[in-house]
Amino acid sequence: MTSATRENRGQHASSSTDLKSVYIETFGCQMNKSDSEHMLGLLDEIGYKQTANLKGADLMILNTCAIREGAEDKVYSYLGAWRKVKEQNPSALIAVGGCVAQDAGEKLIKRAPYVDVVFGTHNLHRLPELVLQARETNQPVVETFQELPEDLPELPVVRQNDFSAWVSVIYGCDYNCTYCIVPYVRGRERSRDPKDIVREIRELADSGYKEVTLLGQNVTAYGHDLSPSMHLGTLIEMVGEIEQIKRIRFITGHPRDLKPEIIDSVARTPSACEYFHIPIQAGDDRTLRRMARGYLVDFYRKVVEQIRERIPDAAITSDLIVGFPGETQEEFLNTVRLVEEICFDACNTAAYSPRPHTPSASWPDQVPEDEKYERLRLLNTVVGEVSHRRNKRYLGKTVEVLVEGTSQRNAERLSGRTRTNKLVHFEGPASLTGELVNVSIDSANPWALRGQMQ
Ligand code: SF4
């Protein structure tokens, strides 16, 4: 945690008597996970220490996601449960942040009047002030900004592990996909200064981190708004000079912005992982046009070809939406066929979910729910078969794995990821967590590999 920035946020110094505990629950994407780590860093400066015990927490934070219809319902069901916890511990505060809070603002307090603080995605740096205000006034505090402040404050951070770190490099998105709420709740693209990013990663390297993931809703657009402008590839090569960092990842890309020069930088930077997550969302040109994705299937094919020409063993994963308004059965089958043709290593799949403020939510030709889920079921079957085929390529091979810890299903077993982001399970002592080890692969299923440590 860097304390240098406390001064310019005019923060109160915390004393031991003030020590309090904070419980945080995070929904959604890696950006939200990274924001939660910054919330913990900010609150640590005013004496809040992270706790896993909700019932004993002085402050409960819900960091919300608005990407799917059910997201809001989930927020209010969680808040309902937390209300009961607060009834047992009346001095505890409830704070709600993230994309649902950014969109709802005051409406959230109307629906859940027992909430004490509502803050958005653009004013994280104000969280300590808002919590202290709610504590001192015993009145609900609601504050959301429409945009990020002019100068992006460098925020303190409390990271959730000590070997792999999230590093946000660009905020917001300049696209307007007709189904997506992100530009509405996360604003326009803003790249961080590369000097600040490299300094942050050098500090991480000095404290033993081996892997960094460069984050952005559209990370492949990094640097276009800087003066002079630069591209993500240059940043990857700059980070590639930091010797202790053995792995560089980046997520989430946009096919239109994944330029050949970025692929070239990944190919020539030894620590840049051979893994590309490039959402295509649909495999049909008419659907892509109506989604306003800004490219057609052929363009996407060329991007995949460029990756596989330069980095033949690269893993390519994607995101897919089925049941987009107006999608015919034949157009849906084009998506299924494209999954087989491209042979994705894995795909995140979802049924279309109408979101507030998005054009497609009010379109007349909505696909019936049961039809949507029937398509999702079929697509998931094909995605699983294709992933299994891709994973079988690793049989008999020895791969380098960054050990993430004991596997969720079996404490005797460890799990970790290859450079191509494959999940691997193998026997070994938990003391290897955070280490790079070699594992010989002897079995594969659609979701993971298994093997013996060498
Ligand atoms: S590229 Fe499209 S789907 Fe992705 S965050 Fe931007 S608007 Fe949303």
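The values are calculated or read from the model by the stated rules, or taken from the named source; none is laboratory data. Small disclaimer: the values here were computed from a predicted structure and weren't measured. Neighbour counts are summed over all protein chains in view; Cβ atoms, including those assigned to glycine, are modelled from backbone coordinates with ideal geometry. Side chains are part of the model used for accessible areas, which takes the heavy atoms of the whole protein and leaves out ligands, DNA and RNA. Shrake-Rupley method; radii C 1.70, N 1.55, O 1.52, S 1.80 Å.
In the range 344-371, how many residues are farther than 20 Å from residue 289 by Cβ and assigned to a helix (DSSP H, G or I)? Of the residues in the range 344-371, 3 are farther than 20 Å from residue 289 by Cβ and assigned to a helix (DSSP H, G or I).
For the range 16-72, filtering for residues that are part of a helix (DSSP H, G or I) and either closer than 25 Å to residue 217 by Cα or in contact (Cβ under 8 Å) with a residue 40 or more places away in the chain (or both) leaves 18. Of the set (1) open to solvent by 40 Å² or more (accessible area, probe 1.4 Å); (2) in contact (Cβ under 8 Å) with a residue 24 or more places away in the chain; (3) assigned by TED's automatic domain parsing to the domain that holds residue 54, all apply to residue 153 but (3). Pairing residues of the range 175-202 that are closer than 12 Å to residue 66 by Cβ with residues that are more than 10 Å from the ligand (Cβ to nearest atom) and acidic (Asp, Glu), at Cβ distances under 9 Å and at least 6 apart in sequence or on separate chains, gives 181/103; 184/103; 185/103. For the range 394-412, the set of residues classified as open to solvent by less than 50 Å² (accessible area, probe 1.4 Å) and in contact with an Asp or Glu (Cβ under 8 Å, 6 or more places away or on another chain) consists of 402, 403, listed by residue number. Pairing each residue of the range 331-345 that is closer than 16 Å to residue 376 by Cβ and of a type in the set (Phe, Trp, Tyr) with any residue that is in a helix (DSSP H, G or I) and open to solvent by 50 Å² or more (accessible area, probe 1.4 Å), provided the two are 6+ apart or on different chains, yields C-beta distances under 9 Å for 332/378. Scanning the range 273-291 for residues that are open to solvent by 40 Å² or more (accessible area, probe 1.4 Å) and over 12 Å from residue 335 (Cβ atoms) gives 274, 289, 290. Scanning the range 161-178 for residues that are within 16 Å of the ligand (Cβ to nearest atom), under 17 Å from residue 253 (Cα atoms) and of a type outside the set (D, E, K, R) yields 168, 169, 170, 171, 172, 173, 175, 176, 177. Restricting 222, 184 to residues that are under 26 Å from residue 100 (Cβ atoms) and either open to solvent by less than 10 Å² (accessible area, probe 1.4 Å) or within 16 Å of the ligand (Cβ to nearest atom) (or both) narrows the list to 184.
Search the range 293-328 for residues being of a type in the set (Phe, Trp, Tyr) and part of a helix (DSSP H, G or I), and hand back the single one that is most open to solvent (accessible area, probe 1.4 Å). Per the stated criteria, the residue is 299. Does the range 237-257 include one or more residues that are assigned to a strand (DSSP E or B), within 16 Å of the ligand (Cβ to nearest atom) and either open to solvent by 40 Å² or more (accessible area, probe 1.4 Å) or under 19 Å from residue 186 (Cα atoms) (or both)? There is at least one residue in the range 237-257 that is assigned to a strand (DSSP E or B), within 16 Å of the ligand (Cβ to nearest atom) and either open to solvent by 40 Å² or more (accessible area, probe 1.4 Å) or under 19 Å from residue 186 (Cα atoms) (or both). Cβ-Cβ contacts under 6 Å between residues 6 or more apart (or on different chains), taken from a first residue in the range 278-299 that is under 17 Å from residue 257 (Cβ atoms) to a second residue that is open to solvent by 10 Å² or more (accessible area, probe 1.4 Å) and away from the ligand (no atom under 11 Å from the Cβ), are listed as 288/296; 296/285.
Within the range 121-148, restricting attention to residues that are over 25 Å from residue 30 (Cβ atoms) and in a loop (DSSP other than H, G, I, E, B), the residue that is most open to solvent (accessible area, probe 1.4 Å) is 138.
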